[in-house]
Every structure is written in C-alpha cells, then in structure tokens.
Amino acid sequence: MALFDFTLNFFEDIDLFSDQGEPVLHWFGLTDAYYHVNVGDEQLFRYTPEIEEYWCKEYPDNKRTSPFVDYNVIRLYEDLLEILPTILQPLPDEIHTFVSTRDAQDQWFGALRNKFDLIIDASEDVTEEGEDESFDDLEDVFWDATGWWGDRQLPTNHLQMGPDIWIWRYQDDVYIRWNCDEKSENGIPFWTADKGEFKLSFDDFLIEVYDFHDRLMSGMAERIEQLKISNPIPHIRMDLESVTREHEIRKKSLEEALVKTPVNKDWDAVMQAYIDFKALNVGEIIRK
C-alpha cells in the first residue's frame, strides 16, 4: 500500500478550468484526482461519512465517488517537494525534544504562542505615533525560535479545513504527525484521522517519494498519449504540444528538489531564541 496514494479521474470527470468562459485544460488540470496518504491504519485526507452525508444534502448536484480529497494531485506532490529538502535535514537531539511527543509539542509551542499573542495584542494597542520597533524585534525572536517547525508543515491551505500535517526527520526515521480535531463544519468533523503519528525509516520514506513521483509521471504520460491517439474530450481547448513540453520538465522535478540545499538552520541560534523568548516578561513589555 503506497504512502502517497491517488487515482486520476476519468477525462469526463475532470474539473475544468475556464478562460473567458471557455473550458480549457493544461498539464496541472489533467492531474485531477482523488488522493490520500496511508499512515498505518489511518488515511489522511479522508472525509468522514458524516460530512459527506451533510454535503450530499447541502449540495445534491455535487456527486462524489470517493471518500478522499478530490483535487489536482500535483498540488500534493508540489507541496511535498517544497518541504522535502527541509525534511531531509534531521533535527538535532535538543531541538527534537520540543516535538518528540504531541504533549511536548503542545507544551513547547503553546507556551511560546500564548506569549506571542499577548505581545501582538499589546503592540496593536500602541498608537502609530508611539509605535515601538522593539515589538517587531520580539516577533523576529519568536519566529527564530519556532520557524523550523513551520518549515516542516505540509501546506494544505488550498483545502477547506485542510488538516495540520508535519513531516520531519530525526536520526534514521521520518515522522508524520497530524492534528485534525478542530476541523469541522457546523460541528461535523471533516477528517476520519483525528490525531496521530506515523513513523517509517528514512530509506523507506525516500522509496515512497520516488514511487509517488514515478506513478504520477507514468500516469500522466499515459494520459497524454491517450489524448494524442484518440482525444475523448475534443470539445475542451488544450495545447497538447505545451502539455507535452511541460511533462518533460515535470519529470525532472524530484531530482531537482533532492539536490536543493535546505535552509541550514543555526540550531544554536534557534535554541538561544527559544531561551530569550521564554524569558520575556510580558507584563514589563506591555508597561513600557
């Protein structure tokens, strides 16, 4: 069972793009699919039966054929490659203690975030004329202390109530942690996977990334060839030559991501920023 799983939609089921009212398709649009991530016994990006039932009543014309996210799977692929160089950089022991468990993550980030919010609230109370640039400096310290964790969060903001997913490496393992307990609509939970964590070896993770790349590029090559031989959607405007050229470029994207140099963190500076921010007295800051 693949870690990153997807099924490309039939041509007639692809969500079309529009150019001045005319339906069009390009390489990105042709990746329309149902996709999910298999993490042990859980599946990320799988909707609950309750939310699907609700949508069925609210939007009867929207016919779904799968419980998974229906979106262009290239977006998942691109978002994974965006953070891949950072994922490949293992966390040092001292930094990893902050996120070694969910409770540790909540305690570490929650304490800093609460203090950060108080500082932001205080800065908003300062008049424009009397605004102190030191507030900006304090924000910088907060992001210096925590930004490395955000760098390892998989972007999901293109989805309604996108799940919070972090992927990171520690020693010879890769961890995937998710949190979806606050993702709901009218009190109905979105995702079947509530909270959890999945671990696999670094080597196995890389195998899964390569497998995702190979299956996606192979599936798209077959799709493009079918369009050239017998186009089942001739009424849709599409530049097949441009699509073919883009496909050749896309085939190189994984190798290009793997050789990118991650933003090397000065972990001593990260730890010092954490110590400095934790030591801040918000009351004194507000009174200044």
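The values are calculated or read from the model by the stated rules, or taken from the named source; none is laboratory data. It should be emphasised that the depicted structure is a prediction, and the values quoted were computed from it without experimental measurement. For neighbour counting, all protein chains shown are included, and Cβ atoms are generated from backbone atoms with ideal geometry for every residue, glycine included.
Structure data summary
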read-out: Positions within segment 189-248 being of a type in the set (A, V, I, L, M, F, W, C), under 30 Å from P90 (Cα atoms) and not in a helix (DSSP H, G or I), in sequence order; value: W191, A193, F198, L200
read-out: Hits in segment 249-281 (condition: basic (K, R), at pLDDT below 95 and more than 17 Å from D93 (Cα to Cα)); value: K260, K278
read-out: Residues within segment 1-10 that are surrounded by 14 or more Cβ atoms within 10 Å (Cβ to Cβ) and more than 28 Å from L200 (Cβ to Cβ), tallied; value: 1
read-out: All positions within segment 242-260 that are within 20 Å of the chain's Cα centre (by Cα), touching a residue at least 12 places away in the same chain (Cβ under 8 Å) and exposed (fewer than 13 other Cβ atoms within 10 Å of the Cβ); value: none
read-out: Segment 180-209 residues that are within 17 Å of W168 (Cα to Cα), paired with ones that are part of a loop (DSSP other than H, G, I, E, B) and among the small types (G, A, S) (beta carbon under 8 Å, 6 or more apart); value: G196/G40; F198/G40; E208/A2
read-out: Test: residue in segment 32-41 that is out of contact with any strand residue (DSSP E or B) (no Cβ under 8 Å at 6 or more places or on another chain), free of Cβ contacts under 8 Å to residues at least 60 places away in the same chain and of a type in the set (A, V, I, L, M, F, W, C); value: no
read-out: Qualifying positions in segment 82-111 - over 16 Å from W166 (Cβ atoms) and either in contact (Cβ under 8 Å) with a residue 24 or more places away in the chain or touching a helix residue (DSSP H, G or I) at 6+ places or on another chain (Cβ under 7 Å) (or both); value: P92, E94, A111
read-out: Tally, over segment 184-227, of residues that are out of contact with any strand residue (DSSP E or B) (no Cβ under 7 Å at 6 or more places or on another chain) and not aliphatic (A, V, I, L, M); value: 17
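Residue-wise test of (1) crowded, with 18+ Cβ neighbours inside 10 Å; (2) polar (S, T, N, Q); (3) modelled with pLDDT under 95.
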position	(1), (2), (3)
E131	no, no, yes
F135	no, no, yes
P155	no, no, no
R169	yes, no, no
Y175	yes, no, no
W178	yes, no, no
W191	yes, no, no
D194	no, no, yes
